[in-house]
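First the structure, in the form of structure tokens, and then the observations on it.
Computed from the coordinates by the stated procedures, all read-outs in this text should not be read as laboratory data. Predicted, not measured: the structure shown is a model, and the values here were computed from it. Note: ideal-geometry Cβ built from the backbone for every residue, glycine included; neighbour counts use all protein chains shown.
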Amino acid sequence: MRRPVAFSAVLGAMLSASACFGPEEVYTLPDAVTDFNALFATNCAGCHGKDGRGGAARLLNDPLYQALVKKERMIDVISKGVRGTAMPAFAKSAGGMLTDQQVGILAEEMQKRWAKPAEFGNVALPAYDGAPGDATRGEAAYRTFCASCHGPEGKGVIGKGGPVVDPAYLAQVSDQALRLAVIAGRPDLGAPDGIYQHWVLAQWPADSQAVGRNHGHSA
Ligand code: HEC
Ligand code: HEC
């Protein structure tokens, strides 16, 4: 007669333990997650920073960047990744973990939360993308606008700006990323975007982009 007693004691312990789990403990299947904050924290914050700023990879929580980029372009990049860089492909169709719906939520919510269209109502923004410009003009622009922080040869100045012509760095960033770095800066890391605006209007981004490539290839 001892066994049933022991058994019911164990069963009783199990039942009371399970009573600790409230409804919020119910496991949500990864595909069913539709909360932006949860999706971003799990999949993106490791590289783009908590709340989309301060990470190793591009600042996303930035009204200027969000004004430049189209939602469709973000959906495309998130889905397929950027070849040759650390940006992974997230869509299931490209071998990733996210459904098209989740990718859509990420892009849509980034625009909703982080774009401030009113701030750019009267500003003539440069094009989001474009072909590389002229490297000679770019060198001149670099000396005028960039050398004070990144050094005369782009090797960086301690306390001001990092190296930007390091071949290892250039090998893992796309031209588009360089263009965006010039247009929108990294205000979250102390690289100002305000002063970037006039290069922008004078076609500097394309030229600077060409300079970066030139250095990278000749170094
Ligand atoms: C392992 C690091 C890593 C992770 C994780 C990551 N990214 Fe990226 N992401 C990058 C890098 C690096 C780039 C820049 C690639 C390049 O050189 O063009 C980038 C670029 C982007 C861009 C494009 C910027 C542009 O307009 O060219 C978007 C948008 C973006 N990521 C969104 C996301 C989102 C949303 C997530 C999460 C679902 C995510 N990323 C996760 C590293 C990462
Ligand atoms: C006032 C200082 C300052 C000026 C001027 C400046 N930068 Fe920067 N830049 C920074 C800082 C700070 C960062 C953040 C990371 C680092 O330290 O390199 C940065 C980052 C960058 C990056 C890397 C972005 C990334 O995260 O991938 C590039 C590329 C770059 N700058 C290019 C330029 C170019 C080209 C110019 C001139 C058109 C320029 N910068 C002007 C301070 C500056």
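Just a few scattered comments:
- Using the Karplus relation 6.51 cos²θ - 1.76 cosθ + 1.60 with θ = phi - 60°, the per-residue 3J(HN,Hα) values for segment 141-149 come to 4, 4, 4, 6, 10, 10, 4, 4, 9 Hz, with x marking Gly and Pro.
- Each 5 Å bin from zero holds the following percent of Cα-Cα pairs in segment 30-120: 3, 15, 24, 29, 19, 7, 2, 1.
- Once the chain from Thr85 to Glu109 is taken as fully extended at 0.36 nm per residue, the excess over their C-alpha distance is 6.2 nm.
- Inter-label distance for Asn37 and Arg143, nm, one decimal - labels placed 7 Å from Cα along Cα-to-Cβ: 5.2 nm
- Segment 30-120, dipole about Cα centre (Lys/Arg Cβ +1, Asp/Glu Cβ -1), debye to the nearest 20: 260 debye
- Highest average packing first - 47-54, 177-184, Cβ atoms within 10 Å: 177-184, 47-54
- Pairwise label distance in nanometres, Tyr128 with Leu189, each label 7 Å out on the Cα-Cβ vector: 2.2 nm
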